[in-house]
Structure formats: structure tokens, C-alpha cells
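Structure first, then comments.
The values are calculated or read from the model by the stated rules, or taken from the named source; none is laboratory data. Model, not experiment: these values are computed from the prediction. FYI the Cβ positions are ideal-geometry reconstructions off the backbone, even for glycines, and counts take in every protein chain you see.
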Amino acid sequence: MTAINEFIDSEKVHQLVLERFEVKPSNHPGMVAGELHQTMDMDPELMELIQDLYTNSEGFPFEKMYKFSLEEILTYLQATHRYYLTKKLPEIEQSLVDIFSKYSESYQLLASLAYFFNNYKAKLIDHIRFEEKDLFPYIQLLIKASKGVQNTLKLASNPDFSICGFKEAHACIEDELEQVSTLIKRYSGNQALPLPYKIFLNQVELFEMELRKHAIIEDHVLVPMALELERNLN
């Protein structure tokens, strides 16, 4: 994958991270209505760590994020889901529409791109929907139970769900998106890509990077913190 430095500098990374808190609440089918209460009032140190992760994930000190509350990590990830569904995916789709409007008769690549991206979008929405309807509410129950706000018996109402079970079944879907950029590059060979294709390729590669960073925070921060809390309650 193309290095992030080829896309954005540190100032743009800062804006990229903050953008997800500027998206209005949505009734998108991938989200749970009424569940999101995002705010810009995030701990500056946490936001700085996330920006560091965006610029360099090699050897990133995940343990530094453990000092923050599980609620803060969850709020960030929820905001990211909403950002993907209401801003990033529509932007990429619009670029694809623009390409179709200009090159539908001359580029055989278009049908493959449209088919692949539409299928990938459906998988991503299903992935987010599952986390929003099962994982995140379960973690919220864990948090309430740890504070004595929620009776722990409520956790037993869904005996088939657990953080450990989620961890084992959690699928990585960001690898599939990489195939889009690979397909474009393979098709174009040494030819110069038209500008709309370059824009689309840039968006796809940047979104792939976004998804990888998101998955890192989920797998290395959210899940370990939630798993420890679950074990303590049980």
C-alpha cells in the first residue's frame, strides 16, 4: 500500500482525525438510531496519540491508550463508523459516478470497479451494523455494570455474545479494498490515468489506510480493555 506521507502531511492528519466529529447524526441503515452522542470534547492527549498512529503504526505504544476510559475509545470508534457511512463512502461513490459519466463507453475497467466496490460497501455496512448493534451496546452494558448502574444479570440476557467470542470471529475486511487499487494499477499498466481515476484511486487508498488504523484501535485497544472488564465482572 502507498505510504500515508504520499497522501497527507501532519496538519492534514489532524484535520482527518477531527473530521469524524463534524458529521451530523444520521439514520443510515448501518447505524443504530439514538445511540450516538458524539462531541468534540475529546481528550487532546488521546487525539494526539491517534494522530501518531495515523502517521506511524510500526511499534505504536498501544498501552498508552489504556490510560483513557473505555467510553472515550468507544466514542471515537462510533464517530468513525458514522464518518465512514455518511461522508467517506458517499464521496467515493460520487467519484465512481463521475468516472461513469465520462468514460462509460471507453474503459472496460468500470464494470469491475462498480461491481467490486458495491459488494465491498455492502460487506462494510454489515460489519459496522454488527458492531453497532451487538458489540458496542454490549460494551456499554459492561461499563454500566462496572459502575453499578446496570445489573450484571442483564449481561446474561445474550449468552451467545462475549468479547472473547467476538475477538475470535472478528474478520478483517480492509484487505479486500486493496484489490481495487491493485485492479486499477494492473489495468492501466504504464498508461497515464485520467484525472477522475486518479482521484478515485487516491480516495480508495486513503480509505484503506483509514480502515487499517480503525481496525488497529479496535483490535489492540478496545477489545483488550473490554475483555479485561468482562473478565473482572465475571
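Please verify whether the range 217-234 includes one or more residues that are loosely packed, with under 15 Cβ neighbours inside 10 Å, under 30 Å from Thr75 (Cβ atoms) and modelled with pLDDT of 90 or more.
Restricting attention to the range 217-234, the residues satisfying the condition of being loosely packed, with under 15 Cβ neighbours inside 10 Å are 219, 228, 231-234.
From what's left, under 30 Å from Thr75 (Cβ atoms): 219, 228, 231-234.
Okay, now just the ones that are also modelled with pLDDT of 90 or more, so 219, 228.
Yes, some residue in the range 217-234 is loosely packed, with under 15 Cβ neighbours inside 10 Å, under 30 Å from Thr75 (Cβ atoms) and modelled with pLDDT of 90 or more.
So which residues in the range 108-137 are buried (at least 18 other Cβ atoms within 10 Å of the Cβ) and either in contact with a Ser or Thr (Cβ under 9 Å, 6 or more places away or on another chain) or without any contact (Cβ under 8 Å) to a residue 40 or more places away in the chain (or both)?
Leu135
Would you pick out the residues in the range 191-223 that are in a helix (DSSP H, G or I) and free of Cβ contacts under 8 Å to residues at least 24 places away in the same chain?
The first filter runs over the range 191-223 and keeps only residues in a helix (DSSP H, G or I), leaving 195-223.
Matches in the range 191-223: Leu195, Lys198, Leu201.
If I ask for residues that are among the basic types (Lys, Arg) and at pLDDT 70 or above, which ones from the range 142-181 would you list? Give the steps one after another, and end with the answer.
We begin by selecting, within the range 142-181, every residue among the basic types (Lys, Arg); these are 144, 147, 154, 167.
Result: Lys144, Lys147, Lys167.
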